[in-house]
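These notes are about the structure you will find just below.
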Amino acid sequence: MSLHPWQKRKIAIVGAGSVGATFAFALAQKGDFEEIVIVDNNQTLSEAQVLDLAQGFCFMPTTKMRAGSIEDYADADIIVITAGAKQKPNESRLNLLKRNQRIMYNISSDIKKQNPKGIILVVSNPVDILTKIVLEQTGLPANRVLGSGTVLDSARLRYYLADRMNVDIHNVHAYILGEHGDSEFTAWSIASIGCIDIDQYNLSEKLTELEKAQITKKVQRSAYTIIEAKGSTYFAIAMALVNIVGAIIKDKKSLLTVSRLITGEHGLDNVCLSLPCVVSKNGAQLMPNIHLSELETQQLAKSAKVLKQQYEQLNES
Ligand SMILES: NC(=O)c1ccc[n+]([C@@H]2O[C@H](COP(=O)([O-])OP(=O)(O)OC[C@H]3O[C@@H](n4cnc5c(N)ncnc54)[C@H](O)[C@@H]3O)[C@@H](O)[C@H]2O)c1
């Protein structure tokens, strides 16, 4: 993606539901894009979301926003996919996955037809599997199709760690890796507070192994806890997305745990999952020289296995 200084920055958000609309709301306030287009197959909904947001424009940086169509994919710098089906009562996870697979097929085919120049960011769940599907269906290079992965989970981890360690969250550097889901894990071996290894920080109040396990569990359970109480999660993911698209459009080279295709790193192949990546105008490049502990390497392999099994199950039945 190369942007001339006078060229307007345009983003297309696919899906005008809770995540898509909250993301549009947070993004508009940031002012990073001159044009925000929301595409949903429920046109009435996308128009209503845009009208509701646009009526607050006098309080935000100048932005154009409209309900758009698939033609908007052609010149968007970034296409963010938040479209998805909701689980029906008594519906199996696999059936929901199949419905979301079909939605990704349709959106990917629309994107492909428009010959997009931009980068695709998948948010819909299960994000790692759907990122792989969109990558395969669009035929775009791997660095240009990324998933939000564990960026949200790593933010949740930082929230709990900042609270426990009684330190500014911006000084907590810690990452959740692997699947965005039940097999995700904390890479404790690369966690630090500022420049200090987390195990060496404030030794009188050192984190115990039990506390580490409890914090990871709380991160893994966050979505379940929130969904049980209010139906869906959207605020923190919206802010995580603002961060990811900001890294792309401003070519920040931010270190983020987005999901992308792995081809040989850490002994893994042909699976999309989260590892630390450099996110820039070139999309997501895997960060070289990330040394994980033996346990973390095993946890990563387990995550990859879970994802491969899910993907195979989807394509078998
Ligand atoms: N990756 C993450 O960290 C994360 C976090 C939160 C939510 N999510 C996921 O984001 C997705 C959206 O969540 P939500 O709460 O906004 O759901 P929602 O039901 O409120 O919105 C989904 C929207 O997608 C639209 N849609 C369906 N098929 C479409 C298509 N083919 N083209 C265009 N639009 C289409 C629907 O009309 C609906 O408006 C879900 O899959 C959810 O699990 C991911």
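Below are the figures for this structure:
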{"item": "Boolean, N100 is touching a Pro at 6+ places or on another chain (Cβ under 9 Å), part of a helix (DSSP H, G or I) and of a type outside the set (D, E, K, R)", "result": "yes"}
{"item": "Residue count for region 112-125, restricted to those that are within 11 Å of the ligand (Cβ to nearest atom) and buried (at least 22 other Cβ atoms within 10 Å of the Cβ)", "result": "4"}
{"item": "Residue check for V306: under 21 Å from L96 (Cβ atoms), under 20 Å from the mean Cα position of the chain (by Cα) and β-branched (V, I, T)", "result": "yes"}
{"item": "Checking A187 against (1) within 16 Å of the ligand (Cβ to nearest atom); (2) over 18 Å from G84 (Cα atoms); (3) not aromatic (F, W, Y), the condition it does not meet", "result": "(1)"}
{"item": "Tabulated pairs, region 55-77, first closer than 20 Å to V245 by Cβ, second of a type in the set (D, E) and surrounded by 15 or more Cβ atoms within 10 Å (Cβ to Cβ), C-beta under 6 angstrom, 6+ apart or interchain", "result": "K64/E35; A67/E47; I70/D110"}
{"item": "Qualifying residue in region 231-252 (condition: exposed (fewer than 13 other Cβ atoms within 10 Å of the Cβ) and charged (D, E, K, R))", "result": "no"}
{"item": "Answer residue from region 17-29, given it is crowded, with 21+ Cβ neighbours inside 10 Å and away from the ligand (no atom under 14 Å from the Cβ) and is farthest from F235 (Cα to Cα) among those", "result": "A28"}
{"item": "Any hit, region 196-208, residues being under 23 Å from V258 (Cα atoms) and touching a helix residue (DSSP H, G or I) at 6+ places or on another chain (Cβ under 6 Å)", "result": "no"}
{"item": "Every residue from region 175-192 that is surrounded by 20 or more Cβ atoms within 10 Å (Cβ to Cβ), over 19 Å from G147 (Cα atoms) and free of Cβ contacts under 8 Å to residues at least 40 places away in the same chain", "result": "A191"}
{"item": "Region 145-155, subset surrounded by 24 or more Cβ atoms within 10 Å (Cβ to Cβ) and part of a helix (DSSP H, G or I), residue farthest from the ligand (Cβ to nearest atom)", "result": "S154"}
{"item": "L275 being surrounded by 18 or more Cβ atoms within 10 Å (Cβ to Cβ) and over 19 Å from G15 (Cβ atoms)", "result": "yes"}
{"item": "Residue match in region 98-105 (condition: among the aromatic types (F, W, Y), modelled with pLDDT of 95 or more and within 24 Å of A247 (Cα to Cα))", "result": "no"}
{"item": "Residues of region 203-257 that turn out to be within 19 Å of S189 (Cα to Cα) and among the β-branched types (V, I, T), as a count", "result": "5"}
{"item": "The one condition in (1) of a type in the set (K, R); (2) surrounded by 15 or more Cβ atoms within 10 Å (Cβ to Cβ); (3) more than 16 Å from the ligand (Cβ to nearest atom) that R158 fails to fulfil", "result": "(3)"}
{"item": "Condition check for Q49: in contact (Cβ under 8 Å) with a residue 24 or more places away in the chain, more than 10 Å from the ligand (Cβ to nearest atom) and either surrounded by fewer than 19 Cβ atoms within 10 Å (Cβ to Cβ) or assigned to a helix (DSSP H, G or I) (or both)", "result": "no"}
{"item": "Residue check, L121 of a type outside the set (S, T, Y) and assigned to a helix (DSSP H, G or I)", "result": "no"}
{"item": "Residue in region 30-40 that is part of a helix (DSSP H, G or I), surrounded by fewer than 22 Cβ atoms within 10 Å (Cβ to Cβ) and either at pLDDT below 95 or touching a Pro at 6+ places or on another chain (Cβ under 9 Å) (or both) present", "result": "yes"}
{"item": "Tally of residues being more than 14 Å from the ligand (Cβ to nearest atom) and in a strand (DSSP E or B) across region 221-259", "result": "2"}
{"item": "Test: residue in region 273-288 that is within 16 Å of the ligand (Cβ to nearest atom) and either of a type in the set (D, E, K, R) or more than 26 Å from A223 (Cβ to Cβ) (or both)", "result": "no"}
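For every residue, the table says whether it meets (1) part of a helix (DSSP H, G or I); (2) out of contact with any helix residue (DSSP H, G or I) (no Cβ under 7 Å at 6 or more places or on another chain).
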| residue | (1), (2) |
| --- | --- |
| L273 | no, no |
| V278 | no, yes |
| A284 | no, no |
| H291 | no, yes |
| E296 | yes, no |
| L300 | yes, no |
| K305 | yes, yes |
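The values are calculated or read from the model by the stated rules, or taken from the named source; none is laboratory data. Just so you know, these numbers come straight off a predicted model, no measurement behind them. A quick note on method: Cβ atoms are made from the backbone with ideal geometry, for glycine too, and the neighbour counts reach across all protein chains shown.
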